[in-house]
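Novice: Got a structure for you, questions after.
The values are calculated or read from the model by the stated rules, or taken from the named source; none is laboratory data. What you are looking at is a predicted structure, and each value in this text was computed from that prediction instead of being measured. Backbone-built Cβ (ideal geometry, glycine too); neighbour counts: all protein chains shown. Surface areas here come from the heavy atoms of the whole protein model, side chains and all, with no ligands, DNA or RNA. Shrake-Rupley method; radii C 1.70, N 1.55, O 1.52, S 1.80 Å.
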Amino acid sequence: MATIPTVARLQPFASTIFAEMTELAVRHGAVNLGQGFPDSDGPAGMLDVARQAIADGFNQYPPGRGVPALRQAIATDRARRYGTHYDPDSQILVTVGATEAIAATILGLVEPGQDVVLIEPYYDSYAAAIALAGARRRTARLVPDGDGFTLDLDSLRAAITPNTRMLLVNSPHNPTGAVLSRADLTAIADLAIEHDLYVMADEAYEHLAFDGHEHISLSTLPGMFDRTIVISSAAKTFSVTGWKIGWACAPAPLLDAVLAAKQFLTFVGGGPFQPAVAYALDNEQQWVAALRDTLAEKRLRLSAALTEAGFGVKRSDGTYFVCADITPLGATDAYDFCRELPARLGVAAVPVSVFADDKASWNRLVRFTFCKKEATIAEGVRRLRAAHTAPASS
Ligand SMILES: *Cc1c(COP(=O)(O)O)cnc(C)c1O
């Protein structure tokens, strides 16, 4: 058959940048600072609980909304850190990673043909989930603000139409490392209330805001609790991206809609990992604080090495990522630049344009991750420094 069998609405999402850049990294023996997954383990006590859960026979379908101990731990954690109160029985749903929660939230709450507004650049699964739901995306954008980023509020106003059903907001923000300010979040909340929109708050990096930057959950702003679906995950908080334990928190009517979709995507998932994440939420907050401090320090070292290598480095206030402008190096296209980077400098990274619809506005930035172990970061830094002292030849 000559035609592409993938259904039309998924054809734009058939391949991801990470496969391409990882293959290049392997081919050139490059330090892979492209894909954002840690290469060291989460807290040992949590891993022990998972092993024990398997040994103790927690190997069948867990309850549809998630094991009670995990839902309780999520509720307790959010009450302690944000002062929001979610009923573990009706307002918390355990999902197969934040990724499933994102998809189920759109599938359960947005009709085909309705609009979801994203803020560019955006995490890659959002657009695909919107396409799966037969919904449409419109985009607002972040804009440079000093050495960081801020919301372009006019672009958000312009993106909202009578057809808009949901806003999707991610802070701390992948890929830029921006932590949205209270002013930006308040402006988003005002628009959501004015237009009576649902808001999906992707808080996957809620614990990873640096230098005393405060992560503010949109659910805590006045008028927002009843319209906000908060999504988070154990992946980034406890360095277990392979466990795929995420969750959604929302008022019961909204959460029931998310559940209606979720139960037919995967039904349930991660049986023995759920008690382990419950244990970690209850007992490993100090480990998370140490992770945050370590990441903050690696971010500074990687940022300094990128500056030395001639990049225009942006300020990262959180997440796993720092972005750097390639124009001071005489380059103009981030995608081409990233294709050549493994051979040229011996490191791999990802062009920010892959996270945007308006590629022309984002093709000068490259995203590097610093969520790697000490030896990996040190070698990446060494190679970037070497590039500065000895001009690269390809
Ligand atoms: C990693 C990530 C996710 C996905 O989390 P999982 O729990 O691994 O599915 C969602 N949103 C953002 C912004 C992320 O970086």
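Novice: Do we find that residue 118 is within 12 Å of the ligand (Cβ to nearest atom), touching a Leu at 6+ places or on another chain (Cβ under 9 Å) and either in a strand (DSSP E or B) or open to solvent by 20 Å² or more (accessible area, probe 1.4 Å) (or both) in this structure?
Specialist: So residue 118 passes the test.
Novice: Also, quick follow-up: Of the conditions (1) in a strand (DSSP E or B); (2) over 22 Å from residue 202 (Cα atoms), residue 322 fails just one. Which one is it?
Specialist: That leaves (2) as the condition not met.
Novice: Oh, and also: Go through (1) assigned to a loop (DSSP other than H, G, I, E, B); (2) at pLDDT below 95 one by one and return the number of the condition residue 11 breaks.
Specialist: Among (1) assigned to a loop (DSSP other than H, G, I, E, B); (2) at pLDDT below 95, residue 11 violates only (1).
Novice: Tell me, please, whether a residue that is within 22 Å of residue 125 (Cβ to Cβ) and without any contact (Cβ under 8 Å) to a residue 60 or more places away in the chain can be found in region 34-42.
Specialist: Taking every residue of region 34-42 in turn, none turns out to be within 22 Å of residue 125 (Cβ to Cβ) and without any contact (Cβ under 8 Å) to a residue 60 or more places away in the chain.
Novice: With 158, 133, 69, 104 as the choices, which residue is at pLDDT 95 or above and within 16 Å of the ligand (Cβ to nearest atom)?
Specialist: The unique qualifying residue is 104.
Novice: Report, by residue number, each residue of region 1-33 that is under 17 Å from residue 346 (Cβ atoms), in contact (Cβ under 8 Å) with a residue 40 or more places away in the chain and of a type in the set (A, V, I, L, M, F, W, C).
Specialist: Listed by number, the residues that qualify are 21, 24, 25, 30, 31, 33.
Novice: Ok, one more. Quick one: would you say residue 234 is among the small types (Gly, Ala, Ser), in contact (Cβ under 8 Å) with a residue 40 or more places away in the chain and open to solvent by less than 20 Å² (accessible area, probe 1.4 Å)?
Specialist: Criteria met by residue 234.
Novice: Restricting to region 104-140, name every residue that is β-branched (Val, Ile, Thr) and within 21 Å of residue 249 (Cα to Cα).
Specialist: Listed by number, the residues that qualify are 105, 106, 110, 116, 117, 130.
Novice: Looking at region 10-46 only, could you name the residues that are within 23 Å of the chain's Cα centre (by Cα) and more than 30 Å from residue 342 (Cα to Cα)?
Specialist: Selection gives 43, 46.
Novice: Restricting attention to region 325-347, which residues are surrounded by fewer than 24 Cβ atoms within 10 Å (Cβ to Cβ) and assigned to a strand (DSSP E or B)?
Specialist: Of everything in region 325-347, just one residue is surrounded by fewer than 24 Cβ atoms within 10 Å (Cβ to Cβ) and assigned to a strand (DSSP E or B), namely 325.
Novice: Oh, and also: Can you tell which of 362, 287 is closer than 30 Å to residue 101 by Cβ and surrounded by 22 or more Cβ atoms within 10 Å (Cβ to Cβ)?
Specialist: Result of the check over 362, 287: 362.
Novice: Determine whether residue 375 is closer than 25 Å to residue 207 by Cβ, more than 19 Å from the chain's Cα centre (by Cα) and loosely packed, with under 15 Cβ neighbours inside 10 Å.
Specialist: Here the answer is yes, as residue 375 does meet what is asked.
Novice: Restricting region 121-150 to residues that are of a type in the set (Ser, Thr, Tyr) and open to solvent by 10 Å² or more (accessible area, probe 1.4 Å), which is farthest from residue 353 (Cα to Cα)?
Specialist: 150
Novice: Now for a different question. Could you list all residues from region 50-72 that are assigned to a helix (DSSP H, G or I) and crowded, with 21+ Cβ neighbours inside 10 Å?
Specialist: Result: 50, 70, 71.
Novice: Kindly establish whether residue 126 is assigned to a loop (DSSP other than H, G, I, E, B), in contact with a strand residue (DSSP E or B) (Cβ under 8 Å, 6 or more places away or on another chain) and modelled with pLDDT of 95 or more.
Specialist: So residue 126 fails the test.
Novice: Would you confirm whether or not region 73-95 contains a residue that is open to solvent by less than 20 Å² (accessible area, probe 1.4 Å), within 16 Å of the ligand (Cβ to nearest atom) and part of a loop (DSSP other than H, G, I, E, B)?
Specialist: No, there is no match, as no residue in region 73-95 is open to solvent by less than 20 Å² (accessible area, probe 1.4 Å), within 16 Å of the ligand (Cβ to nearest atom) and part of a loop (DSSP other than H, G, I, E, B).
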